[in-house]
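Below: one structure, written as structure tokens.
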Amino acid sequence: MYDIIIIGAGMAGMTAALYALRTDKSVLLLEAETVGGQIANSPRVENYPTIEAIGGSELANRLFEQVLSLGAEFELERVQKVEKLAEKHFVVTTDYGTHECKAVIVAAGARHRPLGLAREEELVGKGVSYCAVCDGPFFKGEEVALIGGANSALQYALALSSYCTKVHMLVMLDYLMGEDALIRAVKNTPNVEIYMQTVCEEFMGEDSLSAVRIKNADGEKILPVKGAFVAIGQMPDNEAYTNLADLNPWGYFDSGEDCTTKTAGFYVAGDCRSKRVRQLTTAAADGASAAIAACNYLLQE
Ligand SMILES: Cc1cc2nc3c(=O)[nH]c(=O)nc-3n(C[C@H](O)[C@H](O)[C@H](O)COP(=O)(O)OP(=O)(O)OC[C@H]3O[C@@H](n4cnc5c(N)ncnc54)[C@H](O)[C@@H]3O)c2cc1C
């Protein structure tokens, strides 16, 4: 039986592993998709203390190597449910089987939020994407649409503008909502055209995307693009754990800075919990808090 099972190998989960391993706890880290979580898809991080600039995947890989070198066990498995059988006895069920442990930390982050347009799901992988880092290079030398106006969209605009001929950035609000430096950089990039108070109403095309229909105060317009990137924020995926923790109305774990839940031995960390600021630094802080709370729980009689 493991001391602690951590669900999610993003910044929060891996930082939790780091803290737990340094107090000699046995740790199993379970990840459903990509080591590093969201940041693995970020081209450049410039706000992580002590590191001036680094690619998101490199940052994630460095942390992953650090936790493996401390003795973390890692499995690429998606967690489906967690049950508490007794104090210091949890069963974690994944798509491959079950694991047992004394305490659990959920650091499952958040996933992309879809626009909710009629043919969106059907055209994913055929022109519609949520990850400019993963799919942007398929549109080298082409014009693309980018939907969103906050930090992720701003980062995507810069990345896409370096190899796409033009980025049509569709922003629903009348302002950009992100770091000043990023906003300045995007505004100074000549091949990014920003359309304020503009919504994307339709993804068009037969077998693949050929255009997007947009709408603003000037009326409707069709932009002929083969690629459209949706960057309108994230949403949590916490429904599987409602037997052990409460969720707020938006689906985030209802937990404060101490990362505790209504269930002793069951902790939550990072973007998956209710908080004001969702960043690497706050995810790392949560990872530390959750791991320390879990270690204290293991010490209790
Ligand atoms: C494009 C982009 C750029 C960003 N840039 C910056 C930046 O420059 N600076 C900054 O500070 N922040 C940035 N952020 C925000 C930052 O990435 C997040 O705040 C941070 O990654 C949150 O970490 P986390 O560990 O809580 O969650 P996540 O990174 O979301 O990791 C959660 C992990 O859990 C896994 N998981 C989920 N469900 C399960 C399951 N059932 N079983 C197993 N595994 C599961 C997921 O696959 C994922 O790998 C950016 C985000 C994006 C999307």
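Among the residues of region 275-289, count how many are open to solvent by 30 Å² or more (accessible area, probe 1.4 Å) and either within 6 Å of the ligand (Cβ to nearest atom) or of a type in the set (S, T, Y) (or both).
So the count comes out to 5.
Among G270, G227, which is open to solvent by less than 30 Å² (accessible area, probe 1.4 Å) and over 17 Å from I7 (Cα atoms)?
G227
Go through region 148-191 and report how many residues are among the β-branched types (V, I, T) and either open to solvent by 40 Å² or more (accessible area, probe 1.4 Å) or in contact (Cβ under 8 Å) with a residue 40 or more places away in the chain (or both).
Residues in region 148-191 being among the β-branched types (V, I, T) and either open to solvent by 40 Å² or more (accessible area, probe 1.4 Å) or in contact (Cβ under 8 Å) with a residue 40 or more places away in the chain (or both): 1 in total.
For F90, which of the numbered conditions (1) surrounded by fewer than 17 Cβ atoms within 10 Å (Cβ to Cβ); (2) of a type in the set (F, W, Y); (3) assigned by TED's automatic domain parsing to the domain that holds A245 fails to hold?
For F90, the exception is condition (1).
Can you work out which of the residues in region 252-267 that are within 13 Å of the ligand (Cβ to nearest atom) and assigned to a loop (DSSP other than H, G, I, E, B) is surrounded by the most Cβ atoms within 10 Å (Cβ to Cβ)?
C259
Scan region 129-144 and tell me whether some residue there is within 19 Å of L223 (Cα to Cα), in a strand (DSSP E or B), modelled with pLDDT of 95 or more and more than 12 Å from the ligand (Cβ to nearest atom).
yes
Is it the case that some residue within region 104-122 is more than 14 Å from the ligand (Cβ to nearest atom) and open to solvent by less than 50 Å² (accessible area, probe 1.4 Å)?
Within region 104-122 (the criterion being more than 14 Å from the ligand (Cβ to nearest atom) and open to solvent by less than 50 Å² (accessible area, probe 1.4 Å)), the answer is yes, since at least one residue qualifies.
Residues that are within 26 Å of W250 (Cα to Cα): find the strands (runs of 3 or more DSSP E) completely inside region 13-123 holding 2 or more of those.
Output list reads 27-31, 79-86, 89-94, 98-106, 110-112.
Could you tell me whether any residue of region 187-198 is modelled with pLDDT of 95 or more, under 13 Å from F229 (Cα atoms) and among the hydrophobic types (A, V, I, L, M, F, W, C)?
So in region 187-198, the residues modelled with pLDDT of 95 or more come out as 187-198.
From what is left, the residues that are under 13 Å from F229 (Cα atoms) are none.
Within region 187-198, none of the residues are modelled with pLDDT of 95 or more, under 13 Å from F229 (Cα atoms) and among the hydrophobic types (A, V, I, L, M, F, W, C).
Give me the pairs: first residue in region 29-41 and within 12 Å of D95 (Cα to Cα), second residue in a loop (DSSP other than H, G, I, E, B) and modelled with pLDDT of 95 or more, beta-carbon distance under 6 Å, and six or more apart or on different chains, which are they?
Once the first residue is within 12 Å of D95 (Cα to Cα) and sits in region 29-41, its partners that are in a loop (DSSP other than H, G, I, E, B) and modelled with pLDDT of 95 or more give L30/E77; E31/A9; A32/R78.
Looking only at region 24-34, decide whether some residue is more than 20 Å from the chain's Cα centre (by Cα), crowded, with 23+ Cβ neighbours inside 10 Å and within 21 Å of A283 (Cα to Cα).
Checking region 24-34: at least one residue is more than 20 Å from the chain's Cα centre (by Cα), crowded, with 23+ Cβ neighbours inside 10 Å and within 21 Å of A283 (Cα to Cα).
The values are calculated or read from the model by the stated rules, or taken from the named source; none is laboratory data. These numbers come from a predicted model, not from an experiment. Methodologically, a virtual Cβ is constructed for each residue, glycine included, from the backbone with ideal geometry; neighbour enumeration extends over all protein chains shown. Side chains are part of the model used for accessible areas, which takes the heavy atoms of the whole protein and leaves out ligands, DNA and RNA. Shrake-Rupley method; radii C 1.70, N 1.55, O 1.52, S 1.80 Å.
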